[in-house]
Amino acid sequence: GSFNPSTTATEHDVPNIFGRETFDRLHIADDAIFRKFLKKNGDKNEKLVYSNYVSKINSKGKEQRRIAIITDSAVYNVGISGNMKKSPLGSMKRRIHLHQIHAITLSCISDEFVLHAPNEYDYHYMSDDKFNISKIIE
């Protein structure tokens, strides 16, 4: 087929969280390690919606490279593997159910954003994909 710009997805297209489209930027949906990870840490029949590298900003203001995984049930903060040839996924650092996220604050002057979870501590991230992440979570 010929290139038709009106039907080509853009970086700011928002996926339908309950449909088939995902923003699996790390291509982990069919990865055996990811399926094992979800089986251990997730809900039954949880579906991947988003994966990408992000920076977590810790309480001292230091950036820590992480993988953000968003499913139809939760947001995962995952460390980066020491064996990238096998899988980018390291250990799970935190899982937040989507219903526990009450608000998202997006910075107007940087790539920073905060996930507000009142029953837990807030999560401060930085990503140039913050708009897609916020749309998926909301």
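The values are calculated or read from the model by the stated rules, or taken from the named source; none is laboratory data. Keep in mind that this is a model prediction, so the values were computed, not measured. Glycine also receives a Cβ, built like all others from the backbone with ideal geometry; neighbour counts cover every protein chain displayed. With ligands, DNA and RNA removed, areas are computed over all heavy atoms of the protein, side chains included. Shrake-Rupley method; radii C 1.70, N 1.55, O 1.52, S 1.80 Å.
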- Query: Rank R94, R25 by accessible area, highest first, at a 1.4 Å probe radius?
  - Reply: R25, R94
- Using a 1.4 angstrom probe and counting only protein chains, how large is the accessible area of L26 in Å², to 10? 30
- Note on the structure: Counting Lys and Arg as +1 and Asp and Glu as -1 over every other residue whose Cβ sits under 10 Å from the Cβ of V75, the net charge comes to +2
- Task: Give, as a single signed number, the net charge of other residues whose beta carbon lies under 12 Å from the beta carbon of E63, with Lys and Arg counted +1 and Asp and Glu -1.
- Result: +3
- Note on the structure: Over region 33-138, with neighbouring protein chains present, the accessible area per residue in Å² at probe 1.4 Å is 56
- Note on the structure: Residues other than L89 with Cβ under 10 Å of its Cβ, Lys/Arg counted +1 and Asp/Glu -1, net out at +1
- Message: Placing unit charges on C-beta atoms (Lys and Arg positive, Asp and Glu negative, everything else neutral), compute the dipole magnitude of region 21-138 about its Cα centre in debye, rounded to 20.
- Response: 660
- Query: Which pairs break 21 Å Cα to Cα here: K60/K85; K85/K130; K39/K130; K36/K86; K36/K56; K40/K86?
  - Reply: K60/K85; K85/K130; K39/K130; K36/K56
- Item | Length added when fully stretched, S59-Y121, from 0.36 nm per residue minus Cα-Cα | 21.3 nm
- How many percent of the accessible area of region 74-138 is carbon or sulfur, using a 1.4 Å probe? 52
- Message: Using protein chains only and a probe of 1.4 angstrom, how many square angstrom of M126 are accessible, to the nearest 10?
- Response: 50
- SASA check, S110, accessible area w/ 1.4 Å probe, all protein chains in place, rounded to nearest 10 Å², comes out at 40
